Amino acid sequence: MTNAKMLARRIAITGGLEIANLLRATGLMRGARGRGAIFTLHHVRPHEASAFSPNAHLEITPEFLDAALTQLKSDGYRFVSLAEIPALLAEPATKQPFAAFTLDDGYRNNLVYAMPVFDRHEAPFTIFVAKGLVERTHTIWWETLATLLRKEDRLSFDFGDGIEAISVATPAEKHRAFARFAAHIHSKNETAAVLEIDTLARAHGIDPVEIVEDLVMGAPELNLLDASPLAALGAHTVSHRAVARLSDAEVRDEMSVSSDYVEAISGRRPRTFAYPYGTREAVTQQQAAIARDFGFAIAVTTQPGVVGERALDNATYLPRLSINGLYQKTRYLSGLASGIPLKLMGNRA
Ligand SMILES: [Zn+2]
């Protein structure tokens, strides 16, 4: 066997262990496992080595997904669609926990790499699409920044105290700068901050819209994907902004316009919604109430947790578990077989 093949096999095996650890870490293996779990994924694609990968936690390989599904199945999980969960919770508890899979942002690799794996395991999945990304009217600042910082050694930017020159030559400097830009996005008017980053990228020869076209499925691909009986589409706003920083009217508008859009593609009104970023800072009970009033049966955050017996009481603020690429990658790079404790972390996207 070649080294690459051995590594790939090792990743597949540790992928399964990772899921087992994840479940154990959240109490799923003990009495307090709840009724089931909703898993979050973003990119599913082959690994590409890079010295600077600030979004590494948002991607896993198809082999890792395959190992994860195999592990869950052998642990007795029943694969269900997200939209089924309210009905399942209304029934008396069974011994068999459920697992639902969700993929945020509608990346093309979901169709190319993830769908065949879900097909093989007969696992339903929901893709949360943001209208602005599908229509290329909005950009993905964290991908734009990754491209920009990978390319440049020096940048000039106004974080609020006037234009400053920053060195972004080393991976450490690039990570530091990435964190500052992310904080900038989340500290002010998100629309304005994204525009500033897009303008900076364009000044360095990077087209942020091209990045979206490259990464995100268009309406015809979503339509193709939706034809699979295992696939469902959910809404993920239009602009992919943190809803906690929008007015209630803006939140309702984001939910309404993105739902109309999903309905136009799939022919069905989406009953599920995912909050962009999904952290405690990005969405609160105030927006969860709006989602409930709007009529979503389920809305999901990225705050870690399992789906408990009383989840229906707060069905528009459900936690999810991230199938996280960071540890997989750590292992890939270091070649360690096992022994790295798994840590839960929130998702940026
Ligand atoms: Zn997202």
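The values are calculated or read from the model by the stated rules, or taken from the named source; none is laboratory data. What you see is a predicted model; the values in this text were computed from it and never measured. All Cβ positions, even for glycine, are placed from backbone atoms using ideal geometry, and neighbour counts span all protein chains on display.
Can you name the residue in the range 298-313 that is part of a loop (DSSP other than H, G, I, E, B) and within 20 Å of the chain's Cα centre (by Cα) and, of all such residues, is modelled with the highest pLDDT? Step through it out loud before you land on a result.
So in the range 298-313, the residues part of a loop (DSSP other than H, G, I, E, B) come out as 301-306, 308-310.
Of the ones still in play, those that are also within 20 Å of the chain's Cα centre (by Cα) are 301-306.
Numbers: Thr301: 97, Thr302: 92, Gln303: 89, Pro304: 85, Gly305: 84, Val306: 86.
In this case the residue turns out to be Thr301.
Out of all the residues in the range 40-54, which are within 15 Å of the ligand (Cβ to nearest atom) and either over 19 Å from the mean Cα position of the chain (by Cα) or within 14 Å of Glu143 (Cβ to Cβ) (or both)?
His42, His43 - these are the residues of the range 40-54 that are within 15 Å of the ligand (Cβ to nearest atom) and either over 19 Å from the mean Cα position of the chain (by Cα) or within 14 Å of Glu143 (Cβ to Cβ) (or both).
Exactly one of (1) modelled with pLDDT of 95 or more; (2) among the basic types (Lys, Arg); (3) more than 23 Å from Lys188 (Cβ to Cβ) is unmet by Lys329. Its number?
Failing condition for Lys329: (1).
Does any residue of the range 103-112 turn out to be modelled with pLDDT of 90 or more, more than 30 Å from Arg176 (Cα to Cα) and assigned by TED's automatic domain parsing to the domain that holds Gln303?
yes
Do we have Ala67 as more than 16 Å from the ligand (Cβ to nearest atom) and over 30 Å from Pro171 (Cβ atoms) here?
Values: more than 16 Å from the ligand (Cβ to nearest atom): yes; over 30 Å from Pro171 (Cβ atoms): no.
No, not satisfied.
For residues in the range 267-301 being in contact with a helix residue (DSSP H, G or I) (Cβ under 6 Å, 6 or more places away or on another chain) and of a type in the set (Lys, Arg), which is farthest from Leu321 (Cα to Cα)?
Arg269
Here is a yes/no grid of residues against (1) aromatic (Phe, Trp, Tyr); (2) at pLDDT 95 or above; (3) within 19 Å of Val238 (Cα to Cα):
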| residue | (1), (2), (3) |
| --- | --- |
| His43 | no, yes, no |
| Ile60 | no, no, no |
| Gly76 | no, no, no |
| Glu84 | no, yes, no |
| Leu89 | no, no, no |
| Phe118 | yes, yes, no |
| Val134 | no, yes, yes |
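Which one of these does Phe39 not meet: (1) in contact with a Ser or Thr (Cβ under 6 Å, 6 or more places away or on another chain); (2) modelled with pLDDT of 90 or more?
(1)
Checking the condition under 22 Å from Tyr317 (Cβ atoms), in contact with a His (Cβ under 7 Å, 6 or more places away or on another chain), touching a residue at least 12 places away in the same chain (Cβ under 8 Å) and outside any helix (DSSP H, G or I), which residue from Phe101, Phe128 passes?
Step by step, each of Phe101, Phe128 is checked, and only Phe128 is under 22 Å from Tyr317 (Cβ atoms), in contact with a His (Cβ under 7 Å, 6 or more places away or on another chain), touching a residue at least 12 places away in the same chain (Cβ under 8 Å) and outside any helix (DSSP H, G or I).
So which residues in the range 224-247 are of a type outside the set (Val, Ile, Thr) and touching a Gly at 6+ places or on another chain (Cβ under 6 Å)?
Answer for the range 224-247, where residues must be of a type outside the set (Val, Ile, Thr) and touching a Gly at 6+ places or on another chain (Cβ under 6 Å): just Ser239.
Pick out the one residue from Ser256, Ser239, Ser228 that is more than 16 Å from the ligand (Cβ to nearest atom), closer than 15 Å to Ala130 by Cβ and not in a strand (DSSP E or B). So that I can check it myself, show each step before the final result.
Numbers: Ser239 fails: more than 16 Å from the ligand (Cβ to nearest atom); Ser228 fails: closer than 15 Å to Ala130 by Cβ.
So the residue among Ser256, Ser239, Ser228 that is more than 16 Å from the ligand (Cβ to nearest atom), closer than 15 Å to Ala130 by Cβ and not in a strand (DSSP E or B) is Ser256.
Can you say whether Ala242 is within 16 Å of the chain's Cα centre (by Cα) and either over 18 Å from Ala83 (Cα atoms) or not β-branched (Val, Ile, Thr) (or both), as far as the supplied structure shows?
In short, yes.
Residue check, Ala130 against (1) surrounded by fewer than 17 Cβ atoms within 10 Å (Cβ to Cβ); (2) modelled with pLDDT of 95 or more; (3) among the aliphatic types (A, V, I, L, M), all met but one. Which one?
Status for Ala130: all satisfied but (1).
Would you confirm whether or not the range 57-67 contains a residue that is over 16 Å from the mean Cα position of the chain (by Cα) and among the hydrophobic types (A, V, I, L, M, F, W, C)?
Yes, that holds for at least one residue.
In the range 264-279, what count of residues is obtained for those that are away from the ligand (no atom under 16 Å from the Cβ) and outside any helix (DSSP H, G or I)?
Count: 4.
If you go through the range 174-215 one residue at a time, how many are in a helix (DSSP H, G or I) and in contact with a helix residue (DSSP H, G or I) (Cβ under 9 Å, 6 or more places away or on another chain)?
Residues meeting the conditions: 25.
Please pick out the residue among Leu149, Leu155, Leu145 that is in contact with a strand residue (DSSP E or B) (Cβ under 7 Å, 6 or more places away or on another chain) and either outside any loop (DSSP other than H, G, I, E, B) or surrounded by fewer than 23 Cβ atoms within 10 Å (Cβ to Cβ) (or both).
Result: Leu155 is the single residue among Leu149, Leu155, Leu145 that is in contact with a strand residue (DSSP E or B) (Cβ under 7 Å, 6 or more places away or on another chain) and either outside any loop (DSSP other than H, G, I, E, B) or surrounded by fewer than 23 Cβ atoms within 10 Å (Cβ to Cβ) (or both).
Looking only at the range 133-142, filter to residues that are part of a helix (DSSP H, G or I) and surrounded by 22 or more Cβ atoms within 10 Å (Cβ to Cβ); which one of those is nearest to the ligand (Cβ to nearest atom)?
Leu133
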